[in-house]
Structure formats: C-alpha cells, structure tokens
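Q: Shown below is the structure under consideration.
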Amino acid sequence: MNFRSTRSSECVSPSFALLHGLAQDGGLYVPESFPENVLDYKQLAGKTYQEIVAVVLSHFFTNFSDEERKQMIASAYNEETFRDEQIVPLHSMDTDLSISELFHGRTLAFKDLALSLFPYLLTAAKKQEKEDRNILILTATSGDTGKAALEGFKNVPGTNIMVFYPSEGVSPMQKQQMQKQEGNNVKVSAIYGNFDDAQSFLKRVFTNKAVNEYADKKGVLFSSANSINVGRLFPQVAYYVSTYVSLVDTGCINEGEAFDVVVPTGNFGNILAGYFAKKMGIPIGQLICASNKNNVLSDFFETGIYDMKRPFYTTSSPSMDILLSSNFERFLFYVSGENAGKVAQWEKELQTTGRMAVTTESLKILRKDFAGGWINDAETRAVINHVYNDYGYLLDPHTAVAYGVYLNRHKQGMGSSRHTVIMSTAHPYKFPPVICEALALKTAADPFDMLTDIGAVTGIALPKPLADLQNKPVRFSDAIPKEEMKQAVLSFVDSISQKS
Ligand SMILES: *Cc1c(COP(=O)(O)O)cnc(C)c1O
C-alpha cells in the first residue's frame, strides 16, 4: 500500500510519508486505494485493544511486518502508558447514549492515543529510509498536542523534541505539564506572543534554507508531529473500531447495527478517523461534527460553504479554537470522488479568498454521513452542570460541547433513533477553572487548589499523571521573545550534535 497526495498524482511509500508528513505539492497523504469494507464484528470479537490496532494498521502500514507492528503497539499501549487496561473504556450513560473515554493516556487527552505510537512508527520509518541523522521534532502548541508529543518522544533513541507554547495562552495546568516535562531529549520554551505567532515563526524556521543546512551539517533532520501525519491519523481509526466491538459486547447494539458518533472537533483529525472506520466497514450511521463558537465546520455542514473570514474566538474549549482545520483537505478529497485536481482548486480558493464551496449535489451526498452543530461557552458550562447533577458524570469542556450538540439535535427533532456515542477527548481535571465555574465553585490561582475543591464535591480522585506533576520540579521556566526562536532552535541543534 502506497500513499498519494490529495492534490496530485504524487505517490510515496508509507515510510516516506511518515518521515516527511506533508506531500511535496503541499497536499496531504492518503492511501492510494482505500481499504473499503475490510472489517466486520466476527473478525474483531474477543480481540484486545492492541490486537485491534494491529488489524487496523495492517491495512495501511504494509511496509512493516506483523511482528514489527506488534512490537511497536505493545510499547505504545500498556499499563505504563495508559491508566485503564482497556485503553479506551466505554461508559454507558443510558440505553441510547454512551461515552467513549479517549483520555486515559499519560497526558489525559485523546492525543495520547496517536502520540504514544507515532514515535515508534517514525523511528522505524527512519530506519527503512536509511536516514541516520538525528530527528528533531519541532512543535508549536496551544496546549494538548505539545504535552502529548513530549511524553511520546521523551527518551526515544534517535529523536529529540522541542516545544514552543504561548506564555499566556495555555491553561495553568497545561503550563505546569510542560514546564515540568522530563526526558533527556526534550526542550520546552514559552514565547511572548500567541499561538499563531509561535506557529508561523516555527514554520519560517522549518523552511529556512540556512537553518536546514546548519542542522544537516550537525547531523540533525527537522520533522513535525502534527495531526496531518499519516502516523497520527491511522492509529486513531482503532478506537472507533474498539468502540463498536464494546457496544456489541455490552448489548448496546446488535452485531452490524449502526450507531452515531458525536466528535468535539478542531483540526478534523479525530472525526476523519471515524469516517475512515466507517469506510473500512464499521457500521457508523452519522458522524456529528461538534464545534464551539469557532463554528466554521458546523456552518459548512449546514451550507456547503467553508468560510474562514470571520472573527477568531478564545473559548473554554481551546483545543477546538481553529479556523483552518488541516485534515479537512482529506475529507474534501473523498467528497470530490478522489479528484486531486478539484481539491487543488478548492485549496487554492481557500488560500486566496478564505472561502470555498461544494456543489449542492455534493452537499446532499456528504450530509448522508455528516452533520454539524455548535454551542457557546455559557451553554458548555450548563451542560457540564446538568450532566454532573443528573448522571454524576463530569465532562471536560470539549466533550461537553459534543454532549450539548447531541442534546440540541434531539430537542430540535433532528436526533436519530440509533444508539449514539460521544467521543470524550480530555479528562475534566485538565481544565479546573471551567469546571469550577460550571459547578459554581470559587476559582483559585493554583490549579491544584481548585482540583482539591472539585474532588471534595465530586469524589473524583486526582489522576496519577497530575498527582505526580504536583511534586515535580520546574525544568523549563524560560520565556523568550518570538524573534529569538530561531536562535533557540540552533542552540538545541548544537546540544544534540554534541551528545551524539
Ligand atoms: C485536539 C483536541 C480536540 C480536537 O481534535 P481534532 O482531531 O483536532 O479535531 C478536541 N478536544 C481535545 C481535548 C483536544 O485535545
């Protein structure tokens, strides 16, 4: 199985796609021929999460042997990296609603499900490509990705990772998670500026010829860990598959019976993995894309128009504060009937005018699989409060957006009679101030003080990754002006080459 670009006929091996992330023509890699309808319940029943990942990946990463994949999967998903032995447990709310908990990894966000495995895929690809330079992963983060990438790459031989975050743009808990990061191959720095500054400065460093040549001379190759990489996308298909198996096993649905999913969405990676699971044969009815006030995607599913010329809002679900969802291009590829010329044209329109539209006919077709909806911050807090009071279950703000969209669809008579699963993307304790406000508790300066109060009310214990964090020393306290990012990268390159 090779991968092709969404914008041209460019075609590469899986290892090349893993190592380079983005296609040469600016497009994203997708399977050259998609493995349609290859999964069914009988073949999956009784399998562990790890075995399900192995089945899913065997359809995409054919460049690795069964044994190689098995070893990588065993290193990624085990009792040290996940707090729940099922990896992705299913929580039943009532007869027609379940919650798939994707947040039991080391950083308590669903990003752990991909970023626990990605470093192994990347280093194996590096070996296959006979690339012997040291890899340096450069990442700008608004919170969850940076920490999950740091935990995934920490102490992985042959790799190093450097993360930049906006000094005032992340939650107090996320800040501590990054400042106290462990590992002998990691570096973290805050910058004075917002996430877009960090992102665009880093892009310039990435593509700067002199910087790349300097790194090359020092035996270092830049790479990235963002969600457009095939190594992050395909591992995510597995939890939709395991969710289906759990639904049948617990009697929520019958074998082969369709269920809907509601996905709190930002970069469109999570929900796209659900769409891929459906294409592979998992009986998903509708994929419901839930947005916060940055509702560019839910508008698209309403009108067929993607319009990013609109104000950007900072919300209580920060990982969904995105106007240009990078994985959306892959979705457009399938909407167009795998027409790379059409995708290239749409992407050009988006770049030049900030807007693109699909035909009414296409909209009709894609609405068979997809629907959208959004709620604002006040509604999000109300959902957290209501679900806690009625069910004793505490949602994080991102998951609460999905839950709110689900409730609204039913109120408006748009709900289906199918069983619905809400994909839960973070542990509520990552966002203490929002939870305090939602439960009408007073907020405090120290996030751990707030968690003590929340714990006293809810009885939910402090998860070990956060309990451990509390007593760890700060390792990375510097904050630098954004103009100094380039120098910071070069200094880290020097220290890598001195080590090896
Ligand atoms: C990243 C993230 C999302 C958005 O996921 P996408 O794959 O980017 O759509 C939602 N919730 C949380 C908690 C996240 O960290």
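Q: Exactly which trypsin sites (Lys or Arg not before Pro) in region 130-162 are in a DSSP loop and have at most 13 other Cβ atoms within 10 Å?
A: Sparse-neighbourhood loop trypsin sites (Lys or Arg not before Pro): 130.
Q: Now a separate question. Dipole of the chain, Cα-centred, from +1 at each Lys and Arg C-beta and -1 at each Asp and Glu C-beta, to the nearest 20 debye? Spell out each step's value before the answer.
A: Details: 48 positive and 55 negative charges, 201 e Å.
It works out to roughly 960 debye.
Q: Can you pull the one-decimal nm distance between simple spin-label points at residue 360 and residue 326, each 7 Å off the Cα toward Cβ?
A: Rounded to a tenth, the inter-label distance reads 3.7 nm.
Q: Taking 0.36 nm per residue of sequence separation and subtracting the Cα-Cα distance, how much length would be gained by fully extending the chain between residue 78 and residue 217, in nm to one decimal? Write down the numbers at each step before the final one.
A: On the way: separation 139, 0.36 × 139 = 50.04 nm, distance 3.78 nm.
Length difference between fully extended and current span is 46.3 nm.
Q: Let me ask something additional. Please name whichever of 222, 118, 450 sits farthest to the positive end of the charge dipole of the chain, dipole taken about the Cα centre and charges placed at Cβ: Lys and Arg +1, Asp and Glu -1.
A: 222
Q: So which trypsin sites (Lys or Arg not before Pro) in region 274-310 pass both tests, a DSSP loop state and at most 10 other Cβ atoms within 10 Å of the Cβ? Walk me through the numbers before you get to the answer.
A: Details: sites: 278, 279, 293, 309; in loops: 293, 309.
Counting only loop positions with at most 10 other Cβ atoms within 10 Å, the trypsin sites (Lys or Arg not before Pro) in region 274-310 are 309.
Q: Of 93, 402, 345, which is farthest on the positive side of the dipole of the chain, counting Cα position, with +1 on Lys and Arg Cβ, -1 on Asp and Glu Cβ, and the Cα centre as origin?
A: It is 345.
Q: Separate question: Taking each pair of different alpha-carbon atoms in the chain once, compute 1/r for the pair, average those values, and report the inverse of that mean as the Kirkwood hydrodynamic radius in Å to one decimal.
A: Values: mean 1/r = 0.0434 Å⁻¹.
Result for the chain stands at 23.1 Å.
Q: Express in nm, to one decimal, how much length is gained between residue 208 and residue 48 on full extension, taking 0.36 nm for each residue of separation and deducting their alpha carbon distance.
A: Net length gain for the segment: 53.1 nm.
Q: May I ask for the percentage of alpha-carbon pairs in region 210-316 that lie more than 20 Å from each other?
A: Working: 3214 of 5671 pairs.
That fraction is 57 percent.
Q: I want to check a number: in region 118-199, how many lysine pairs have alpha carbons closer than 30 Å, given a sequence separation of 8 or more or different chains?
A: 17
Q: Need the full-extension length gain, residue 410 to residue 353, defined as separation in residues times 0.36 nm minus the C-alpha distance. One decimal, nm.
A: Values: separation 57, 0.36 × 57 = 20.52 nm, distance 3.57 nm.
In short, 16.9 nm is gained.
Q: Using the Cα centre of region 55-123 as the reference point, and only Cβ charges (+1 on K/R, -1 on D/E), how large is the resulting charge dipole? Debye, rounded to the nearest 20. Mind showing how you got there, number by number?
A: Working: 5 positive and 11 negative charges, 60 e Å.
Roughly 280 debye for region 55-123.
Q: Sticking with this one: Of all beta bridges DSSP finds with both residues in the chain, what is the antiparallel percent, to the nearest 5? Walk me through the numbers on the way to the answer.
A: Numbers: 15 of 53 bridges.
Antiparallel: roughly 30 percent of the beta bridges in the chain.
Q: Could you check the spin-label model distance between residue 490 and residue 32? Points 7 Å from the Cα along Cα→Cβ, value in nm.
A: Roughly 4.2 nm, to one decimal.
Q: Right, another one. If you average the sequence gap of Cα pairs under 8 Å that are 6 or more apart and divide by the length of region 66-198, what percent do you get for the contact order?
A: Result for region 66-198 is 19 percent.
Q: Please tell me the relative contact order of the chain in percent, rounded to the nearest whole number, where contacts are Cα pairs under 8 Å and at least six residues apart.
A: Numbers: 922 pairs, mean separation 94.6, N = 500.
Taking the mean separation of contacting Cα pairs over the length of the chain, I get 19 percent.
Q: Report the charge-dipole magnitude of region 1-42 in Debye, nearest 20, computed about the Cα centre from +1 at each Lys and Arg Cβ and -1 at each Asp and Glu Cβ. Please report the intermediate quantities before stating the final value.
A: Values: 3 positive and 5 negative charges, 12 e Å.
Its charge dipole is roughly 60 debye.
Q: Could you work out the relative contact order of region 47-144? I mean the mean sequence separation of Cα pairs under 8 Å and 6+ apart, divided by the number of residues, in percent.
A: Values: 73 pairs, mean separation 19.9, N = 98.
Relative contact order comes out at 20 percent.
Q: R0 = 30 Å: FRET efficiency of residue 442 with residue 310, Cβ-based, nearest 0.05?
A: Numbers: r = 34 Å, r/R0 = 1.15.
Result of the calculation: an efficiency of 0.30.
Q: Pick out the long, greasy-scoring helices in the chain: whole DSSP H runs spanning 27 Å or more along their own axis by Cα, mean Kyte-Doolittle at least -0.5.
A: Details: long enough: 230-249 (30 Å, 0.68).
Both cut-offs are met by 230-249.
Q: Where in region 20-47 does the amide nitrogen come within less than 20 Å of the point 7 Å from the Cα of residue 2, taken along Cα to Cβ?
A: Those under the cut-off are 20-36.
Q: A further question on this structure: Among 238, 497, 425, flag the residue with its Cα farthest along the positive direction of the charge dipole of the chain, charges on Cβ as +1 for Lys/Arg and -1 for Asp/Glu.
A: The one lying farthest along the dipole's positive direction is 497.
Q: I've got another one for you. List the equivalent ellipsoid semi-axes of region 159-241 in whole Å, largest first, each obtained as the square root of 5λ for an eigenvalue λ of the Cα gyration tensor. Before the final figure, lay out each step's value.
A: Working: eigenvalues 104, 87, 42 Å².
The answer is 23, 21, 14 Å, longest axis first.
Q: Okay, moving on. Report the GluC sites (Glu not before Pro) located in region 160-214 that are in a DSSP loop and have at most 15 other Cβ atoms inside 10 Å of their Cβ, or state none.
A: Details: sites: 168, 182, 213; in loops: 168, 182.
Sites meeting the loop and neighbour criteria: 168, 182.
Q: To continue, here is another question. Counting only heavy atoms of protein chains, what accessible area per residue, in Å², does the chain have with a probe of 1.4 Å? Working shown, then result.
A: Details: 19500 Å² over 500 residues.
Dividing the accessible area of the chain by its residue count gives 39 Å².
The values are calculated or read from the model by the stated rules, or taken from the named source; none is laboratory data. Given the structure is predicted, the values throughout are model-derived calculations rather than measurements. Cβ atoms come from the backbone with ideal geometry, glycine included; neighbour counts cover every protein chain shown. Quick note on the areas: whole protein, heavy atoms, side chains included, nothing else; ligands and nucleic acids left out. Shrake-Rupley method; radii C 1.70, N 1.55, O 1.52, S 1.80 Å.
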